[in-house]
Amino acid sequence: MTSSTAGSDVPALEISNLNVWFGTSHRSSKGQESHAVKALNLKVMPGERVGLVGESGCGKTTTILSAMGLLPSTASVSGEVLLNGVDIISGGESGMASHRWREIAMVFQGAMSAFNPVKTIGWQIIEALRIHNVVGEKQSTSRAIELLGLVGLKPNVLDLYPHQLSGGMKQRAMIAMAIACEPKVLLADEPTTALDVVIQDQILNLLTSLTEELNLALVLVTHDLGVVAQSCDRAAVMLGGQIVEEGAIEKLWKNPSHEYTRKLFNSTPDLASALEKRKSSGSEKKATLLEVRDLSVKYENSHPTTDSRKLAVDGVNFDVRAGELVALVGESGCGKTTTVQAIMGMVDIQAGEIRVSGEDTVRLRPSARKQLRRSMQLIYQDPYEALDVRFRVKDTVEEPLVIHGIGGNRASRLQLIIEALEEVGLTPASAFLNRFPHELSGGQRQRVAIAASIVLRPKVLLADEPVSMLDVTLRSGVLDLLDRLRSAHDMGILMVTHDLSTAIEHADRILVMRDGKIEEEGTSNAILNSPRSSYTRLLLDSVPSPNPDSKRGLVQKNLVS
Amino acid sequence: MTEGQIRQSKVDPSSRGGWWTVLNVLRQPTAAIGFGILAFFTVISLLSPWIKPYSTHLASCAVFEPPSASHWFGCDDGGIDVLSLTLEGGLISMYVGFTAATITILIGATIGIVSGYFGGWIDTVLMRITDYFLVVPQLVLMIVVAAVWGPSLEHVILVIGLLLWTYTARIVRAQVKSLRERVFIRRAISIGSGHLRIIWRHILPQIGPLLVASTVLAITVAVFNETALAFLGLSDPTAITWGTIMEHAFQRAAVSTGSWWAIVPAGLAVAILIMGCYMLGRSIEDALNPRLRVSYLSPYSWQLRTLVGRGKGAL
Amino acid sequence: MRRTGYIWKRSVFAVVTIFAAVSFNFVLFRVLPGSAITRISRVPNASPSMKKALAEQFGLDKSMWDQYWLYLKNLFTGNWGISYSNRQPVIENLAVAFGNTLPVVSIGTIVAIILGILVGVHSAVRRGTFADHFSTNLAVLFYAFPTQFLGMMLLIFFAGVLPAAGTHDPFAFNQTPWESFLDYSKHMILPVLTLVLTLYAENALIVRSSMLETLGEDYILTARAKGLSRRKIIRDYAMRNALLPIVTMVALALGAIVSGAILIEVIFSWPGIGRALYDAVLQRDYPMLQGGFLIITVVVVLLNYLADLAYYKLDPRVVD
């Protein structure tokens, strides 16, 4: 092993002039080819944390996969990847195997599926230790337990299978495995993307403290500038395969030189500026459109052994008025999506009442339920799945009109379709009418889905995480559209979201949900500035701010508590 | 569902739907060859009454006469031209195969769709029944049923059709079950579409390509079982099929006299037809399976490209 | 704790399936039109007293429910009727036949599974190479050959080299046990070879596609990142996980094994269960047909049950 006495001026990881191309197959290096990473340079010193930020498809994951030599066979690579000054990719894939995990390790995005499902966590960690001869056979178990302790897991995790761990625990175990051979460099690909904010905060703190303890160089790949601002010293912003700007995080925040960096910072949700960014707020009291009273819903597939008395939604009460946007905020599994589905009549409810415009909707005959569907519409999370790929835009938007017998003939229906498309900002509508989903971007797809909902002129719009699958720069457009719809048409909107800052920026009122119950309810202002529940406070504390200055205080606060 | 607000979309954003995939599949050599074989056999069989060179009832040469210029495939124990037999047998064998496969798909698709779409106790009951038919050895059941009902071509078709739907039912059910959870189906429900409309407008077109693949694969099993039943003497003894040709040859000592030409044409015809159907059906099924698109352990590695400051990669 | 529910459910299913097969058997042979109630007692050339005794044993003059009850009782006490053809008890005939089928089918199946796994794994990890195309297409070819056709071709090809029919040389007398065993084994070669060739192909294709699916899983990428050797990744990650669907598929292919065995026994005149079934069909020997169907079904259901238990052992995620 090369000692680090060479001084701290040798970067732990240096990527220089890296280019990656993808061909259509492993042999056709000519022909159609995409240039995924273009002349990329990146240096990371020991103990330094660098964020690699960008939106989907910008080449950030390709960059770190090529640093590990894990690219598919369709790729060709040029440039250098230096570990402690030694080029590791010049020998091709076969030359890299000995460096992997030993000197450079990786934490994957999908911790859910990154573990071998049929082996225990302990087996997989010990395998990493044994394969690189880090410890002897006898010490391997005690070393594995030690590693688990480092990441805050109990020794009994050793004997558990991956499916027996929660998402956060799996990611901790993954980190334990990654640091098993004491690598110099750790690459983390969206390590917290699939996790709830509170868990995300814990994982980020863990990564931060580990880099300090072990003098580890960390490259954190993420789409979320907040995450980078919270945990990194430096950041590199990627766009179209290139690093467009690089520098200390404070500098990027205060004084971004590239247009794109500024745009990215502006679109990243920020609690501090959320209230300022708010547009209007309908302060006058209007008619109540949706009333939910003592709503309870059982778990859909309850296991015989789970407590049968435990409810997915447990006695929830709230109202949505005309022209009002109410946000239902909570972590995954808190029952917020089930609540929405119960309101739509798509799951059976256990107890309670749901009224739309004063009319009870729970005990409805099928014909009346169909009528109800007209006055209440739901927007789904995933714009890529929301549209039938075989339907043209006009067919998708026309379908609800046909089902409900609105519009009489084709021509008048077409008029309604065009109005709806223009309403959601797909102008000119004629350019979109005949397109198929694969000819639309994610944001456009979500707009088509919204158009197909509002074409029925519903009174209540339910939105289940409407922007969480979109790139950050596209989110505000869709959220602004929702804002506009409720003020222009006096719609009542109930938006489910996991993101407190989005809720504060756009909602009039916020309901914080936890374990099937409403933990706290209040105006955005009240929730942000004077939260009563400790859970709300925890959520607020965990939201990563893109402002690096607010980080110090936050980390310290967490350390104290 | 339990964890993660931001999950990756299961759908390839550039997807244009299954039929597009099916059309694209025909560009692969395997699928194209399979399609060619199927088309060739269909055409030849339909034309067989006109193109067979000799009668299949009257002797046209000596007993077990070897292949020659006038009798390409030789003659069987009755002096009947084997080429003519094979051509005529193809028509009936393929008729049996196609009809039985159609019955199979109709039953399998109905059970699969109902089971996957409605779920709940309907699903449980239907799937237990399916499990039963999967576990019971089918050829044995066919033998017993055919033996009790008596040998006839219609019985063979019915028995094969009624016993082979399990594979289709299971694969269709799995597909419909996952479609049922897809957002565009849920959206259709929340718009107020009825079940029939959703099944007809959204689900059937989605599983259509899969049904095509299943049908083609079902033909292989149906033809295979027809020859097996015929070989065991359970088909109509007067009908000429590839199965009865082989059975006849076996009973009349074609093996012990070394008269391979009485067996090989029919046997190879079955093998080539099954191969063609399998290649086509499997290619479509594989193309529709998103799990086969990624491989993290390729026999090839990525390549290093050296740059000397020139060329299109150099910057 | 929850995991035991799985075993319980599968056990119940196995029992119910056997019961369903037993009942189906009863219905098929007695209730369906065209199958006269009196068939069971119509043993050809039987004395009137024997006919009478049989009619009594099976309650042929009683109501259908009484008959069903008697049928179940007889089934469990081993009274499966008298074969029409050789007037021996069905159960004894079947026991002899089963003893002959067992070595052929078990050796053939085991060899075919091992060969199928080897070929399938190798072509999956060489996806897209010449070796993969070659072995996959070869497997498709053997998959496509009708069993009886392959058997007859082997017979013609090995005519005079290997024995073509039966279990022993009919002209060899006074064989020592060792000679007898050798003779038996020699007679087994062609039937086993035919079975192996038809079965390995299907197994190889199943294993290959199952392997290809696992090779796209994220944990394969993790394993590579960990710096594991290709061998280790294939063995502990890809194969270990691909094994789960393979176990299910191979169990479901048991029916195909049985079909193959019947055809093979007919072609090579091997006196096993399949041959017995075939002869029973030809001679309208209904008691034998009924017994043969029952014994094959029970064995297949039990093997499926074993596969379920194996799955339980192999997959820690199995609950419910």
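Data table
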{"read-out": "Two-decimal Rg to Rh for segment B:208-269 - Kirkwood Rh, Cα set", "value": "1.12"}
{"read-out": "Nearest-10 value in Å² for the accessible area of B:Ile143, using the 1.4 Å probe", "value": "0 Å²"}
{"read-out": "Cβ charges +1 (Lys, Arg) and -1 (Asp, Glu), total dipole of chain A, debye", "value": "1000 debye"}
{"read-out": "Modelled FRET efficiency - R0 25 Å, B:Thr257 with C:Asp169, Cβ distances, 0.05 increments", "value": "0.70"}
{"read-out": "Inter-label distance for B:His57 and A:Arg484, nm, one decimal - labels placed 7 Å from Cα along Cα-to-Cβ", "value": "8.0 nm"}
{"read-out": "By accessible area with a 1.4 Å probe, ligands and nucleic acids excluded, highest first: order of B:Leu47, C:Leu190, C:Leu243", "value": "B:Leu47, C:Leu243, C:Leu190"}
{"read-out": "Chain A: relative contact order in percent, alpha carbon pairs under 8 Å with at least 6 residues between", "value": "15 percent"}
{"read-out": "Which of B:Ile44, B:Ile185 is most accessible, then next, and so on - probe 1.4 Å", "value": "B:Ile44, B:Ile185"}
{"read-out": "Gyration tensor (alpha-carbon) shape descriptor, segment C:64-218, a/c threshold 1.5", "value": "oblate"}
{"read-out": "FRET efficiency for B:Val125 and A:Arg363, using Cβ-Cβ distance with R0 set to 30 Å, rounded to 0.05", "value": "0.60"}
{"read-out": "Charge tally in the Cβ shell below 14 Å around C:Lys186, where Lys, Arg are +1 and Asp, Glu are -1, C:Lys186 excluded", "value": "-3"}
{"read-out": "Of B:Leu217, C:Pro163, A:Ser16, farthest towards positive along the dipole that unit charges on Lys, Arg, Asp, Glu beta carbons give the protein assembly as shown", "value": "B:Leu217"}
{"read-out": "Rounded tilt (10° steps) of A:393-403 against the dominant C-alpha axis of chain A", "value": "40 degrees"}
{"read-out": "Fluctuation leader among C:Asp169, C:Asp66, C:Asp218 - chain C, Gaussian network, Cα springs under 10 angstrom", "value": "C:Asp218"}
{"read-out": "Angle in degrees between helix B:242-251 and the longest Cα principal axis of chain B, rounded to the nearest 10", "value": "40 degrees"}
{"read-out": "Rounded to 5, percent antiparallel among DSSP beta bridges of the protein assembly as shown", "value": "55 percent"}
{"read-out": "Dipole in debye (nearest 20) - segment A:373-480, about Cα centre, beta carbon charges: Lys, Arg +1; Asp, Glu -1", "value": "400 debye"}
{"read-out": "Between segment A:69-142 and segment C:259-285, the Cα center-to-center distance that results, in Å", "value": "57 Å"}
{"read-out": "Bridge type composition, chain A - antiparallel percent by DSSP, nearest 5", "value": "55 percent"}
{"read-out": "Chain lengthening between A:Thr427 and A:Asn156 when straightened (0.36 nm per residue, less Cα-Cα)", "value": "91.7 nm"}
{"read-out": "Which of C:Thr101, B:Thr102 is most accessible, then next, and so on - probe 1.4 Å", "value": "B:Thr102, C:Thr101"}
{"read-out": "Rounded to the nearest 10 Å², the accessible area of C:Val16 at probe 1.4 Å", "value": "80 Å²"}
{"read-out": "Karplus 3J(HN,Hα) series, Hz, for segment C:208-217 with 6.51 cos²θ - 1.76 cosθ + 1.60 (x for Gly, Pro)", "value": "4, 6, 5, 4, 4, 5, 5, 5, x, 7"}
{"read-out": "Cα long-axis angle, helix B:153-163 against chain B (0 to 90 degrees, to the nearest 10)", "value": "30 degrees"}
{"read-out": "Sites B:Phe40 and C:Val161 - FRET efficiency at Förster radius 35 Å, r taken between beta-carbons, to 0.05", "value": "0.45"}
{"read-out": "Computed [θ] at 222 nm, helices only, for chain A once each DSSP H run of length n ≥ 4 contributes -39500 (n - 2.57)", "value": "-11000 deg cm²/dmol"}
{"read-out": "Cut-off of 10 Å, at most 10 other beta carbons, DSSP loop: longest stretch of chain A lacking such GluC sites (Glu not before Pro)", "value": "A:285-561"}
{"read-out": "Exercise: per-residue mean of other protein chain Cβ atoms within 10 Å, A:115-125", "value": "4"}
{"read-out": "Alpha carbon centroid spacing (whole Å) that separates segment B:63-118 from segment A:326-354", "value": "57 Å"}
{"read-out": "Helical mean residue ellipticity (222 nm; -39500 (n - 2.57) per DSSP H run of 4+; nearest 500) of chain B", "value": "-21000 deg cm²/dmol"}
{"read-out": "Mean residue ellipticity (222 nm) of chain C, computed from DSSP H runs ≥ 4 via -39,500 (n - 2.57), nearest 500", "value": "-24000 deg cm²/dmol"}
{"read-out": "For segment A:113-182, size of Cβ-based charge dipole, Lys and Arg +1, Asp and Glu -1, in debye", "value": "100 debye"}
{"read-out": "Length released on extending from A:Ile406 to A:Ser56, taking residue separation times 0.36 nm less the Cα-Cα span", "value": "122.1 nm"}
{"read-out": "Which of B:Ile157, A:Met513, C:Val247, positive extreme of dipole for the protein assembly as shown (C-beta unit charges)", "value": "A:Met513"}
{"read-out": "Inter-label distance, nm, simple model (7 Å from Cα along the C-beta direction), A:Thr288/A:Leu538", "value": "3.1 nm"}
{"read-out": "Cα gyration tensor category, rounded, prolate or oblate, for chain B with a/c compared to 1.5", "value": "oblate"}
{"read-out": "Inter-label distance, nm, simple model (7 Å from Cα along the C-beta direction), C:Lys186/A:Lys277", "value": "8.8 nm"}
{"read-out": "Exceeding the 18 Å Cα-Cα cut-off - candidates A:Lys310/A:Lys517; C:Lys9/C:Lys313; A:Lys43/A:Lys170", "value": "A:Lys43/A:Lys170"}
{"read-out": "Three-way shape label, segment C:2-319, alpha-carbon gyration tensor, a/c 1.5", "value": "oblate"}
{"read-out": "Cleavage-rule hits (chymotrypsin sites (Phe, Trp or Tyr not before Pro)) in segment C:184-222: DSSP loop, at most 12 neighbouring Cβ within 10 angstrom", "value": "none"}
{"read-out": "For A:385-394, mean number of other protein chain Cβ atoms within 10 Å", "value": "6"}
{"read-out": "Total accessible surface hidden between A and B, rounded to 100 Å², 1.4 Å probe", "value": "5000 Å²"}
{"read-out": "Average other protein chain Cβ within 10 Å of Cβ, residues B:178-190", "value": "6"}
{"read-out": "Positive-end residue of B:Ala32, B:Ser48, B:Tyr300, charge dipole of chain B with Cβ unit charges", "value": "B:Tyr300"}
{"read-out": "Charge sum, other residues only, whose C-beta stays under 14 Å from B:Glu247's C-beta, Lys/Arg counted +1 and Asp/Glu -1", "value": "-3"}
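The values are calculated or read from the model by the stated rules, or taken from the named source; none is laboratory data. All of these numbers come straight from a predicted model, not from anything done at the bench. In this analysis, Cβ positions are derived from the backbone assuming ideal geometry, glycine residues included, and neighbour counts consider all displayed protein chains. For accessibility, only protein heavy atoms count, side chains too; no ligands or nucleic acids. Shrake-Rupley method; radii C 1.70, N 1.55, O 1.52, S 1.80 Å.
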